[in-house]
Amino acid sequence: MIWQLSKQLCIAVAMLAVIVPCNTVRSDDLKLIPEAWDASLAGDEVIKGLVKVTGPEVKGAHDAEFVCVGDRAYIVAEVNDTRAGENSAWPEIYCTLSIVNLKTLKLEDVIPFARSEQKFENETLPVGACFVPRVLQKDEQSLRCYFASEQPGKRQAQTWFRDFDLMTRKFEASIHKAKLKTSAGIVDMQPRFFHDDAAARGFKKPAKDFGLYLFDSFKDFDGQKYIALNNFPGQQNALAMVHDDLATFEVLGHYNEPQSAALSESAVNRLPDGTWMAICRNDRGNYHFTTSSEGKSWSVGRELPVVPNGANSKPTFDKFGDTYYLGWQEATKIHGANRSVFNVEISRDGKNWQRKYRFETPKSFQYPTFHEHNGAIWLTVTQGDKDASRKERIMFGKLEEVGQFESQSGHARIEWPALAAEPAVMKVGVTLFTDRGYRLTEAPDFLIGRSFLRTGIEGYELVCTKPGELFLMTLSKPHESNRGDALRKLEFEQIDTPVFQLFPGEINRVSTWHRQLKPGDRIAMRKLAFPVLGEGLEVKLVQTQVRKQETAEETAARIAAMEKVADHALVPPVLNTSPLPEYDYEMLDYGMTIGIERTPSGRLWACWVAGGDSPAAYFVLATSDDDGQTWSKPRLVLDSHSKDLPRERSILVGNLWTDPLGRLWLIFDQSMDMFDGRAGVWATLCENPDADEPAWSTPRRIWHGVTLNKPTVLSTGEWMLPISLDQRGGFGPFKGCFPELDPMRGANVFVSSDEGTTWERRGMVTFPNPDWHEHMVVERRGGSLWMLARTAKGIMESISTDGGRTWSEANEPQGIRQPNARFHVRRLLSGRLLLVKHGNRIDAHQGRVQLSAWLSNDDGKTWQGGLVLDEREGISYPDGFQSPDGTIYISYDRNRATDGEILLARFTEDDILARELKGSKSKRKILISRPLACFAKPESAFTPIFDGKTFDGWEQSGNWVIDHGAFYRKSRGGNLTYTATAVPDDFELRFDWKVSAGCNSGVYYRPGQVEYQVLDNVGSPYGENARQAAASLFFCMAPSKDATQPMGSWNTARIICQGSVIEHWLNGERVLSFDYADPKWQWYIQLLAARGGDLTGRKGQLWLQDHGQDVWFRNLRWREIPQDEVIVAEPYFEPMPVTGQALAKEEARVKAMLEAKEKAAKQ
């Protein structure tokens, strides 16, 4: 039996929608759904008929679109063959076209058509994912398939298209760039141009270099084709008109308001009165709706009652026949699965909606698309079984005959079997959430063994049923997922206990809060507030979520597959000895210290992790030839990632060590992901570490596991290397891999008796709840070995009296307390032991703060001193050495994921005992490195002030010409001044400069004598005074170093000013950064005033100085710094000193200036 709306009812409904206000229309008159219609049952019937349309080799798939021609459906999708899910940063993602017979629903072919580095007749795609494909029928003979090629953070994404011949079933041999038409003209379809157009219309969010997609489906209105554009990471949306060439997309209007929301991924349609309406995904809450009368100016988005509980996922908005179909993802979860409920509402007027379908499945029902063909509506949808993302395959099937309601008589709902839940009890390794695979890394003793609520990571609501104490963990650092303010409002109190690592990732260090609940109390929290139940407390969740468990067969199959993946970590990595510019500081965004060492001739080498404390990790090394005061750019990089690998391959931990022969060792681990259950310790040697071009040996693998600390030279002459084979086994999908290694999992020691040629495993000790062990060994005076290791309880110890073959049971050392963090212990030249730990007391700590140094004269029984090396929060991972003159060097990191600083403390044993710096070389907080990617704004944020061709906007006397796109001062005659507009109060100026021999010039950017000095430092006499050198604030502040290129080469420069903060950059290095309101710089400000300079001046003109020598400037562009962007002066900035004859000349010049001023004042 078929239920179908009568034609007369359709006409009546349409008439009522026009003549009767919505709030007065009788519900019976607008009823579109038959009595007793079960939307969930209707959804189940559709799900039963879906078929898989991705290839058998595909592991991850998402975001399909399709078109039907004749009796075939042509479905495009983004897929990969290595892992479930999708990510624009995965270069293995490629695009396919699947062909399905509509009569039989048989998959006839799957044709890949775009992948990373694919060569075509006219182009070769760069490295990067081929993402978010779309398709339309170009003509009777062909389809046009679109996709975005992107590599986030590396380049601008580009949308391409490729045509497909329906007769031959072959793609053309060429690809072509899609174009974007904005108010600025027709340009390549790249994110920067899309952002520029939005920014010109008031859009304030920063630009992204990826994420611009053709979104929604192509829609036809009045003979014209339209589509929604979206930049997902940039949270931008627009309506575009498709030109007749099907290659150019003209932006009609942007809809991004309110910008306080996170709007993206929209679907658009037109209502009966011609009004445009868009529904937008909102990653900060529910879907928003916005409207426009002409598609250009859009209303501020708002929620509508039709979508009461939306999730952050793609919506749909289609019209089939005379009925609108609105699809949206509901936040409700089936068995804890993400995106497992999708609703389809129908309406005739776009105002009054009724539900026709509700899709409920733990396999997820996400990112569907719907199209009508020959009277039927077909759909594609993303689904999955195991991965938390549920992005594993594309399904295809029939929704309905347009407008019909299939009889539901005799049909029953699908019964999805409940899944057994892992006990929710606090112990290391337990799964924490229903929708993520994260497992507990550590927890304080008072939480271990307590029950917790396993909920979705995005949030929950609970109701107290029996009174008791509730503990909540939230991020300890400022972050959008830090719920500290919300907890205070709910009268929770923070517990005075150290922060701890809830699950992997530096940002996931948490603090603990608590409150007594009474029956009826309701607590609703968003990400991240992890709940643990106190004694007697019972609560009820709004919805219970559980996690699917593997069967024994599934576990065995997974382990077999993942062990093959882990074999990729057995391949030696390539040493990159020319890492610039790809690994320059401006390209780095993370910093975790690894180690520091001194060569026989005094050069310092430092090593740290970039990429993240994650599978993205790799090593970066730099050197210092002035005792750590200044550091080179990266000189060596170990990055073993590859687009050809099925998963990430990381280099995460290790150390540097100068052996007794003077050779420098770089020891490192290599593993698939964070830890594949086996990993491996590798070493490369450098026999000339003081050379201009050090040579490193081919890396060789020593054993399994990882090492974080330097070897110890024993009194026997043997070298002992600590190696950890983690007791937790493999992480994530590698759990359970390599069970044959289980008997050797622990804190191992290896010994070499042939100066490192071979290494032999000697012994091992296991520790309770270790964290990579990070163990270190010192030999005591009686010959016993004392091992200290990192555990969840802090430092624990074990002792060996037989050279490391056997070890005592692990215990806590007497009198030493340390958080779960790395420490450093070594024997010094004086015979004392050095211990670097957290806390200003040997027997206490307050978490990862107050890194301090201690000495022991009795092999660790008692400790003296307590010199605080750094008092701040977020400091960790000390490593160091002692130089022949007795100076101790300790490197450590600070706020790895935000500041990313690698720092150095230099001090003596006397300093430790005095608890203050007294030595002539002693110094704290010396900056080794800092990632600068966060300081680099995209070029799309800048406005050119020189077009490279004309003097438009500039004034001069004819002595400047344009030479190969650069301003060239060819003769005397005066300065070149930008007169088009005044310099903004807060700005960033970028430019390139080049000097002739002996040249002196400058860029004046504020009224008076405020100048970025441009100079030939070697050939000009001004170069002898650092306060007059290149990149100085002339006659005021010297740069921290000379970073110039050789005379005649181009230099890149930046000037950044916000409020009282001024920064000068040279060739990618921030060489000057200070706040002139800080009293410590007052002397320098007075020095500039003697010349007539005033840093408080504003609204001046920008001008380039003619000082009498040839100079060139090019690529001048600037941006106004918005109020919500804060520039902070470099806390470690130290200008180069001015001494000797240069200082005497400067003092004489200042005296003459002041005398002249005094004389002029008297006149």
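The values are calculated or read from the model by the stated rules, or taken from the named source; none is laboratory data. Keep in mind it's a predicted model, so treat the numbers as computed, not measured. Because the Cβ atoms are built from the backbone with ideal geometry, glycine has one as well, and the counts that use them run over all protein chains shown.
Structure notes:
- Among residues of segment 770-788 that are closer than 19 Å to GLU809 by Cβ and free of Cβ contacts under 8 Å to residues at least 40 places away in the same chain, those with a beta-carbon under 8 Å from a residue that is in a strand (DSSP E or B) and acidic (Asp, Glu) at least six positions away or on a different chain give the pairs LEU788/GLU797.
- All of SER632, SER642 fail the test of being part of a loop (DSSP other than H, G, I, E, B), under 26 Å from the mean Cα position of the chain (by Cα), farther than 28 Å from ASN1067 by Cα and not charged (D, E, K, R), apart from SER642.
- Residue in segment 165-177 that is nearest to ASP188 (Cα to Cα), counting only those that are in a strand (DSSP E or B) and under 35 Å from the mean Cα position of the chain (by Cα): LYS177
- Within segment 448-504, the set of residues being crowded, with 17+ Cβ neighbours inside 10 Å, β-branched (Val, Ile, Thr) and assigned to a loop (DSSP other than H, G, I, E, B) comprises ILE457, VAL499.
- For SER650, the stated conditions hold: it is surrounded by 21 or more Cβ atoms within 10 Å (Cβ to Cβ) and free of Cβ contacts under 8 Å to residues at least 40 places away in the same chain.
- Residues that are of a type in the set (A, V, I, L, M, F, W, C) and part of a loop (DSSP other than H, G, I, E, B) were ranked within segment 229-249; the one that is modelled with the lowest pLDDT is PHE232.
- Only residues that are surrounded by fewer than 22 Cβ atoms within 10 Å (Cβ to Cβ) and more than 34 Å from the chain's Cα centre (by Cα) were counted across segment 297-324, and they come to 8.
- Residue within segment 89-98 that is within 24 Å of GLN141 (Cβ to Cβ), surrounded by fewer than 16 Cβ atoms within 10 Å (Cβ to Cβ) and without any contact (Cβ under 8 Å) to a residue 60 or more places away in the chain present: no
Here's the yes/no breakdown for (1) farther than 30 Å from SER88 by Cα; (2) acidic (Asp, Glu); (3) exposed (fewer than 15 other Cβ atoms within 10 Å of the Cβ); (4) at pLDDT 95 or above:
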site: ARG26; (1), (2), (3), (4): yes, no, yes, no
site: LEU32; (1), (2), (3), (4): yes, no, no, no
site: ALA36; (1), (2), (3), (4): yes, no, yes, no
site: LEU41; (1), (2), (3), (4): yes, no, no, yes
site: ASP44; (1), (2), (3), (4): yes, yes, no, yes
site: LYS48; (1), (2), (3), (4): yes, no, yes, yes
site: THR54; (1), (2), (3), (4): no, no, no, yes
site: HIS62; (1), (2), (3), (4): no, no, no, yes
site: PHE66; (1), (2), (3), (4): no, no, no, yes
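Yes or no, residue by residue, for (1) at negative phi; (2) crowded, with 24+ Cβ neighbours inside 10 Å:
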{"residue": "ASP626", "(1), (2)": "yes, no"}
{"residue": "THR630", "(1), (2)": "yes, no"}
{"residue": "GLY662", "(1), (2)": "no, no"}
{"residue": "PHE668", "(1), (2)": "yes, yes"}
{"residue": "LEU708", "(1), (2)": "yes, yes"}
{"residue": "THR712", "(1), (2)": "yes, no"}
{"residue": "GLY717", "(1), (2)": "no, no"}
{"residue": "SER724", "(1), (2)": "yes, yes"}
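- Only a single criterion out of (1) assigned to a loop (DSSP other than H, G, I, E, B); (2) in contact with a Leu (Cβ under 7 Å, 6 or more places away or on another chain) is not satisfied by LYS921, namely (2).
- Out of SER1032, SER1001, sole residue that is of a type outside the set (A, V, I, L, M, F, W, C) and over 14 Å from LEU1104 (Cα atoms): SER1032
- Test: residue in segment 986-993 that is in contact (Cβ under 8 Å) with a residue 12 or more places away in the chain and either assigned to a loop (DSSP other than H, G, I, E, B) or closer than 19 Å to LYS1145 by Cβ (or both): yes
Residue-by-condition table, conditions (1) modelled with pLDDT of 95 or more; (2) under 28 Å from the mean Cα position of the chain (by Cα); (3) among the hydroxyl-bearing types (Ser, Thr, Tyr):
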site: ILE111; (1), (2), (3): yes, no, no
site: LYS138; (1), (2), (3): yes, no, no
site: PHE147; (1), (2), (3): yes, yes, no
site: PRO152; (1), (2), (3): no, yes, no
site: SER183; (1), (2), (3): no, no, yes
site: PRO191; (1), (2), (3): yes, yes, no
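- Just one of the listed residues (ALA683, ALA606, ALA679) is assigned by TED's automatic domain parsing to the domain that holds GLY756, closer than 21 Å to ASP584 by Cα and either modelled with pLDDT of 95 or more or aromatic (Phe, Trp, Tyr) (or both), namely ALA606.
- Checked against the criterion of being in contact (Cβ under 8 Å) with a residue 60 or more places away in the chain, in contact with a strand residue (DSSP E or B) (Cβ under 7 Å, 6 or more places away or on another chain) and among the charged types (D, E, K, R), the candidates LYS518, LYS540 yield just one match: LYS540.
- Residue within segment 766-773 that is outside the structural domain of GLU506 (by TED's automatic domain parsing), buried (at least 21 other Cβ atoms within 10 Å of the Cβ) and in a strand (DSSP E or B) present: yes
- Failed criterion for GLU916 (all others in (1) closer than 30 Å to THR981 by Cβ; (2) acidic (Asp, Glu); (3) out of contact with any Lys or Arg (no Cβ under 9 Å at 6 or more places or on another chain) hold): (1)
- Filtered by the rule that a residue be within 30 Å of SER601 (Cα to Cα), small (Gly, Ala, Ser) and outside any strand (DSSP E or B), segment 611-628 gives a lone residue, GLY628.
- The condition of being within 30 Å of GLU901 (Cα to Cα) and either at pLDDT 95 or above or in the same structural domain as THR716 (by TED's automatic domain parsing) (or both) does not hold for ARG781.
- Being part of a loop (DSSP other than H, G, I, E, B) and charged (D, E, K, R) holds for only one residue in ARG155, ARG144, ARG162, and it is ARG155.
- Residue selected from segment 611-624 under the condition among the aliphatic types (A, V, I, L, M) and out of contact with any Gly (no Cβ under 7 Å at 6 or more places or on another chain), by the criterion surrounded by the most Cβ atoms within 10 Å (Cβ to Cβ): VAL620
- Test: LEU1116 is buried (at least 18 other Cβ atoms within 10 Å of the Cβ), in contact (Cβ under 8 Å) with a residue 40 or more places away in the chain and not in a loop (DSSP other than H, G, I, E, B): yes
- Residue match in segment 1023-1038 (condition: part of a loop (DSSP other than H, G, I, E, B), under 22 Å from GLY965 (Cα atoms) and in contact with a His (Cβ under 8 Å, 6 or more places away or on another chain)): no
- The residues in segment 268-277 that are more than 15 Å from SER297 (Cα to Cα) and without any contact (Cβ under 8 Å) to a residue 60 or more places away in the chain can be counted, and the count is 1.
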